[in-house]
Amino acid sequence: MSMNSFGHLFRVTTWGESHGPALGATVDGCPPNVPLEPEMLQQWLDKRRPGQNKNTTQRNEPDAVKILSGVFDGMSTGTPIQLMIENTDQRSKDYGEISQTFRPGHADITYFQKYGNRDYRGGGRSSARETAARVAAGGVAREAIKALAPGLEIKGYMTRMGELEIDRRRFDWDAIETNDFWIPDAGAVQEWEDYLQALRKAHDSVGAVVEVVARGVPAGIGAPVYGKLDTDLAAAMMSINAVKGVEIGEGMNAARLKGSENADEIFMGANGPEYSSNHAGGILGGISTGQDVVVRFAVKPTSSILTPRKSIRKDGSATEVITKGRHDPCVGIRAVPVAEAMMACVILDHLLLHRGQVGENQGRIG
C-alpha cells in the first residue's frame with residue numbers, strides 16, 4: 001500500500017529522494033482551465049529554496065520546476081499534472097561515513113527496522129528535500145483556489161525560535177516577506193539572526209514554532225466527524241519533516257482557559273455572523289466559520305549537527321556520530337513555505353469536496 005499520497009479530490013503524490021536525480025509530485029484532481037505556468041509555481045519554490053542566505057543550509061539548488069503533463073496552452077486540462085524538480089548540488093560523499101551508522105534523531109534507524117535497507121545519502125526519502133515537491137503542488141492549489149475563492153489568502157510566519165518569541169503587540173503583516181526568518185516584526189530580526197548564528201558556531205541547532213493563517217476562507221467547508229477540516233490540516237502539518245506538535249486556534253492553551261473565556265461570542269454583522277474572538281481558529285465542529293483559519297506547529301531542532309552524539313552501528317556496536325554535510329540550523333525557517341503549501345492543498349481539497357456535496361445549497365443567516 002502506498003503511503004506517499006494525501007488529499008481526497010485534490011490528491012498529491014510525491015516521489016524522489018534527496019540525492020537522486022530528481023524529485024517531484026503528481027497532482028490529480030486539479031479542475032480544468034486553471035491558468036498554470038511554471039513561473040506561477042516557481043515563486044513559491046523560491047521562498048523555500050536552500051542556499052539563499054547564511055541562516056539556512058548552503059546546499060545550492062535552483063529548485064527549477066518543470067510541468068511534464070496536465071497543462072496545455074497555459075491551462076490545466078483536468079488530467080494528472082506531473083511536476084519535476086531536478087537535484088543538481090548533491091554531495092553524497094558527505095554521508096559515506098554513516099552508511100553503517102544510525103544518526104540520533106533521524107529516521108535512519110526506523111527506516112532500516114521497517115524496510116531492511118535505507119538510502120543514507122542525506123536521508124533519502126525521509127529528507128526534508130521531499131518538501132520541495134509539496135511546495136510545487138501547493139502552487140497548483142493556490143492557482144485553483146483563485147478561481148473558487150478569489151479573496152482567500154494564505155500566509156505563514158515563525159512565532160518562536162528556541163528561546164526567542166515574537167511580541168504580538170508589534171505584529172506587522174508587511175514585515176513577514178522582508179526578512180530571512182519570515183517573522184512579523186522587522187525590529188526583532190537582528191536579535192534572531194545573532195541568536196541563530198551563535199548556535200551555528202557552537203555546532204548546534206534549535207527548534208521553532210510556525211504559524212500559518214488562511215484569511216477569507218468561506219464558512220461551511222469541512223465536514224462532521226471523520227471529514228473535519230481541522231483533522232486534515234493537523235494531519236497535513238504533522239506530515240512535514242521534524243514536526244512534533246500541531247495546534248488549531250488556541251490549541252494547547254485552551255486547557256488553561258475557562259469556558260466563559262474560550263467560547264467565541266457571536267453577533268450579527270452587516271455581512272453575516274461576526275465573532276468577538278477567534279479561539280476556535282476559524283473552525284467549529286470541523287467546519288469553517290468564515291474567520292481566519294489558524295494552524296500552528298512545532299518543529300524539533302535539526303538532528304544533523306557537528307556536536308558528537310552517541311549511537312550504534314548496524315551490527316549493534318557503539319559509536320559516536322558527527323553529522324557532516326550542509327544542514328539548516330533551524331528547519332523552521334524553510335518550513336514556512338511548506339506550511340503554506342500544505343494549507344493550500346487542504347483548503348482546495350475541502351472547497352472541491354464542499355462543491356461536490358453541497359454546491360451553493362448552504363444555510364443562510366439573516
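The values are calculated or read from the model by the stated rules, or taken from the named source; none is laboratory data. Every value quoted in this text rests on a predicted model; they were computed, and no experiment measured them. Methodologically, a virtual Cβ is constructed for each residue, glycine included, from the backbone with ideal geometry; neighbour enumeration extends over all protein chains shown. To get the accessible areas, we keep the full protein, side chains included, count just its heavy atoms, and leave off ligands, DNA and RNA. Shrake-Rupley method; radii C 1.70, N 1.55, O 1.52, S 1.80 Å.
Brief remarks follow.
- Checking each residue in the stretch 16-30 for being touching a residue at least 60 places away in the same chain (Cβ under 8 Å) and crowded, with 17+ Cβ neighbours inside 10 Å picks out Gly16, Glu17, Ser18, His19, Gly20, Leu23, Gly24, Ala25, Val27, Gly29, Cys30.
- In the stretch 1-18, the residue that is modelled with the highest pLDDT out of those that are in a loop (DSSP other than H, G, I, E, B) and more than 24 Å from Tyr226 (Cα to Cα) is Glu17.
Listed here are the residues, each with its yes/no results for (1) of a type in the set (D, E, K, R); (2) modelled with pLDDT of 95 or more; (3) in contact with a Pro (Cβ under 7 Å, 6 or more places away or on another chain); (4) more than 30 Å from Pro104 (Cβ to Cβ).
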| position | (1), (2), (3), (4) |
| --- | --- |
| Lys228 | yes, yes, no, yes |
| Leu257 | no, yes, no, yes |
| Gly282 | no, yes, no, yes |
| Gly285 | no, yes, yes, yes |
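- On the stretch given as the stretch 113-137, residues that are surrounded by fewer than 21 Cβ atoms within 10 Å (Cβ to Cβ), part of a helix (DSSP H, G or I) and not small (Gly, Ala, Ser) total 4.
- Residue count, the stretch 329-346 (criterion: in contact with a Ser or Thr (Cβ under 9 Å, 6 or more places away or on another chain) and either in a helix (DSSP H, G or I) or free of Cβ contacts under 8 Å to residues at least 12 places away in the same chain (or both)): 7
- Of all the residues in the stretch 246-273, those that are free of Cβ contacts under 8 Å to residues at least 24 places away in the same chain and part of a strand (DSSP E or B) number 3.
- Search result, residues across the stretch 19-38 that are assigned to a loop (DSSP other than H, G, I, E, B) and at pLDDT 95 or above: Gly29, Cys30, Pro31, Pro32, Asn33, Val34, Leu36, Glu37
- Criterion (open to solvent by less than 40 Å² (accessible area, probe 1.4 Å), aliphatic (A, V, I, L, M) and either within 30 Å of Leu164 (Cβ to Cβ) or touching a residue at least 60 places away in the same chain (Cβ under 8 Å) (or both)) met by exactly one of Val358, Val299: Val299
- From the options Ala235, Ala223, residue that is surrounded by fewer than 21 Cβ atoms within 10 Å (Cβ to Cβ), closer than 23 Å to Leu152 by Cβ, of a type in the set (A, V, I, L, M, F, W, C) and under 20 Å from the mean Cα position of the chain (by Cα): Ala235
- Hey, Glu250 open to solvent by less than 50 Å² (accessible area, probe 1.4 Å), at pLDDT 95 or above and more than 20 Å from Cys345 (Cα to Cα) or not: yes
- Subset tally (residues that are modelled with pLDDT under 95 and small (Gly, Ala, Ser)) for the stretch 55-73: 1
- Search result, residues across the stretch 88-109 that are polar (S, T, N, Q) and at pLDDT below 70: Gln90, Ser92
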